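S.K.: Have a look at this one before I ask anything.
The values are calculated or read from the model by the stated rules, or taken from the named source; none is laboratory data. On a predicted model such as this, the values are computed, not experimentally measured, just so you know. Every residue, glycine as well, gets a Cβ built from its backbone with ideal geometry; the counts of neighbours run over all protein chains shown. With ligands, DNA and RNA removed, areas are computed over all heavy atoms of the protein, side chains included. Shrake-Rupley method; radii C 1.70, N 1.55, O 1.52, S 1.80 Å.
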Amino acid sequence: MTQPSVILATASYDHTIRFWDAKSGRCYRTIQYPDSQVNRLEITPDKRYLAAAGNPHIKLFDVNSNSPHPVMSYDSHTANVMAVGFQCDGNWMYSGSEDGTVKIWDLRAPGCQREYESRAAVNTVVLHPNQTELISGDQNGNIRVWDLTANSCSCELVPEVDTAVRSLTVMWDGSLVVAANNHGTCYVWRLLRGNQTMTNFEPLHKLQAHDKYILKCLLSPEFCDPQRYLATASADHTVKIWNVDGFTLEKTLTGHQRWVWDCVFSVDGAYLITASSDMTARLWSMASGEAIRVYQGHHKATVCCALHDGAEPSSC
């Protein structure tokens, strides 16, 4: 099977994962996922594999195959896996779960290599661009930085007590981190680094982005510069695009009929793909703010999406 240059995948409460031709909107492959719902999708940096985070497993599927079976299953979480991602050269994977742990997995060896205890259900985990720190957000409102070199928690923040941190995002150059919560608020910190590690969170801005839950926040990628944007996807059915310079509202993307659970930028930041409870995913033009493609085929809520339209990485 020849691999399309753009890989778009979505997953739904209908227990399927679908691969789409992003340009035409055609679904060309459907994987049945009967074990559980899929909470998060992520594509490896080399575009070879798709990770599906479920309950309680993470399964790795071959992007270039028609096989319905995963090539690997990662099994030591004991509850919903809410976050999954990869180190930039694809050697290891990280995950966060409602079982209260953050884990690291070596993709070249079986089993979990490291585990960190968050002591509350983990909703979101991101990897700092320096590749040596993970940042997690949990249901009790805690943000923790896990120093992978020291193998310990190096920083703890609680922006709003007892308000779940739903989503975290870090600017590609490591200069900013944004946390979005269940009150529709985004907290923005400038990251001050000493010796190339993240040592200080300096409060920069508090943004009341939505009146309802923010389910995903995402900063624009490197090739979008000098424009820098923050996308916030919400239970209010909209996605808002904010200019990071002053956090002014640039656009509101309207069209979804239900909660918007997930979003992902194209590699150049010119497009955004969103996943919604209205059973669709949509492709939006960042220039016009209009939906230019609707991906229809799921029979229940579409809750996560993954896109890889960039070149394969040379190395970190």
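S.K.: Taking R0 as 30 Å, what FRET efficiency do you get between Thr132 and Asn243 from their Cβ-Cβ distance, rounded to the nearest 0.05?
M.R.: Working: r = 30 Å, r/R0 = 0.99.
Once the sixth-power term is evaluated, E becomes 0.50.
S.K.: Okay, moving on. Identify which of Ala275, Ala109, Ala233 has the largest mean-square fluctuation in a Gaussian network model of the chain, with springs joining Cα atoms closer than 10 Å.
M.R.: Its mean-square fluctuation being the largest, the pick is Ala109.
S.K.: Okay, next question. For the chain, take N as its residue count and report Rg(C-alpha) divided by 2.2 N^0.38 Å.
M.R.: Here the Cα radius of gyration is 0.92 times the empirical estimate.
S.K.: Of all accessible surface on the range 7-308 at a 1.4 Å probe, what whole percent is carbon and sulfur? Numbers along the way, then the final one.
M.R.: On the way: 5530 of 11860 Å².
Accessible surface attributable to carbon and sulfur in the range 7-308 totals 47 percent.
S.K.: Now a separate question. Could you calculate the contour length gain from Leu192 to Ala311, that is, 0.36 nm times the residue separation minus the distance between their Cα atoms, to one decimal place in nm? Display every interim value, and only then the final one.
M.R.: On the way: separation 119, 0.36 × 119 = 42.84 nm, distance 3.02 nm.
Full extension of this stretch gives 39.8 nm more.
S.K.: Continuing with the same structure: Excluding Phe265 itself, calculate the net charge of residues whose Cβ lies under 13 Å from the Cβ of Phe265, where each Lys or Arg counts +1 and each Asp or Glu counts -1.
M.R.: Values: positive: Lys216, Arg228; negative: Glu222, Asp225, Asp262, Asp268, Asp309.
That sum, taken over residues with Cβ under 13 Å, equals -3.
S.K.: Now, a different point. Can you list, largest first and rounded to whole Å, the semi-axes you get for the range 245-297 by taking the square root of 5 times each eigenvalue of its Cα gyration tensor? Mind dumping the intermediate values first?
M.R.: Values: eigenvalues 76, 32, 20 Å².
Calculated on Cα positions only, the semi-axes equal 19, 13, 10 Å.
S.K.: Give the ranking of Lys23, Lys240 by solvent-accessible surface, highest area first, calculated with a 1.4 Å probe. Please report the intermediate quantities before stating the final value.
M.R.: Values: Lys23 145, Lys240 40 Å².
From most accessible down to least: Lys23, Lys240.
S.K.: Defining a contact as two alpha carbons under 8 Å apart and six or more residues distant in sequence, what relative contact order in percent does the chain show?
M.R.: 14 percent
S.K.: In square angstrom, rounded to the nearest 10, how much accessible surface does Leu148 have for a 1.4 Å probe?
M.R.: Surface accessible to solvent at Leu148 totals approximately 20 Å².
S.K.: Highest mean first, how do 244-255, 114-125 rank when packing is the count of other Cβ atoms within 10 Å averaged over residues? Please list the in-between numbers first.
M.R.: Values: 244-255: 14.6, 114-125: 19.8.
In descending order of packing, they fall as 114-125, 244-255.
S.K.: Before I look further, what does the range 7-308 give for accessible area per residue, probe 1.4 Å, in whole square angstrom? Write down the numbers at each step before the final one.
M.R.: Details: 11860 Å² over 302 residues.
In whole numbers, the range 7-308 has 39 Å² accessible per residue.
S.K.: While we're here: If the cut-off is 30 Å between C-alpha atoms, which lysines fall inside it for Lys300, apart from same-chain ones fewer than 8 positions away?
M.R.: Straight-line reach from Lys300, under 30 Å: Lys23, Lys47, Lys59, Lys103, Lys212, Lys216, Lys240, Lys251.
S.K.: Under a 10 Å cutoff between Cα atoms, tell me which one of Val161, Val102, Val267 has the largest fluctuation in the Gaussian network model of the chain.
M.R.: Between Val161, Val102, Val267, it is Val161 that shows the largest mean-square fluctuation.
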